[in-house]
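Rule-based calculations on the coordinates, nothing more; no lab input. All of these numbers come straight from a predicted model, not from anything done at the bench. Because the Cβ atoms are built from the backbone with ideal geometry, glycine has one as well, and the counts that use them run over all protein chains shown.
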Amino acid sequence: MARKIEWIVTEINGKIASVAADYRHFARLAGKIAQMPPSAVSTVQTRKISTEELVDLSSRTHWEDLYLLGTPFQTAVWKTLFDLTHGEKAPALLSYTDFAALCGNPQGVRPVAHAVAINPVAFIIPCHLIIPKESTDRGREIRDAARETTLFKGSDLYLLDTIDVGDFAYGPEIKRELIKHSLSHGNQ
């Protein structure tokens, strides 16, 4: 990776509630926990892990292993995101428009994009796989121009550097690296 990251994993009651490169999510979680009855939370802990450990953790994580504090709409969007890399299909890059349709809300691109943006569990819930429509269109153009190869697989992952991957809380370089991890390893 461009820079070495220590990912901060926060667990509530033994379940993953947040994965982030800083403590912003932890501060939000603490605010939400403060509003809960004391009996609802028995333990809160954080630990730092490397990107390689995060990839491994993601491969072992099931939906039931997550402790998500969001609205039912946000949780539904996050579940659809989770299934992109934890389901039977190989992970793929999607535009916000295509992802909104996948969520069953083709007219609701903005609320779906907002839920993607506030995903509390980086990489495990792969918000990094959602990119601007212009970029997926550009990817299709490149793929059509070189039909003998498969776009964004194996050796042609370098093509990722030629498109705008969109906003990401930790910067586009880290988003590109997470995309490369997901697409080259299948995040299985």
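A few remarks follow.
- In this rough spin-label picture, where each label sits 7 Å from Cα along the Cβ direction, the V41-E134 distance is 4.1 nm.
- Going from the fewest other Cβ atoms within 10 Å to the most, the residues C127, C103 appear in the order C103, C127.
- Legend: residue pairs K89/K180; K15/K180; K48/K79; K32/K79, Cα-Cα distance threshold 22 Å; pairs beyond threshold, K15/K180; K48/K79.
- FRET efficiency, S184 to A34 (Cβ-Cβ, R0 45 Å, nearest 0.05): 0.65
- The simple spin-label model puts a point 7 Å past each Cα toward its Cβ; for N13 and A76 those points are separated by 2.3 nm.
- Put in line by how crowded their Cβ is, counting other Cβ atoms within 10 Å and starting with the fewest, H114, H128 read H114, H128.
- Charge context of R47, other residues only, Cβ under 11 angstrom, K/R +1, D/E -1: -2
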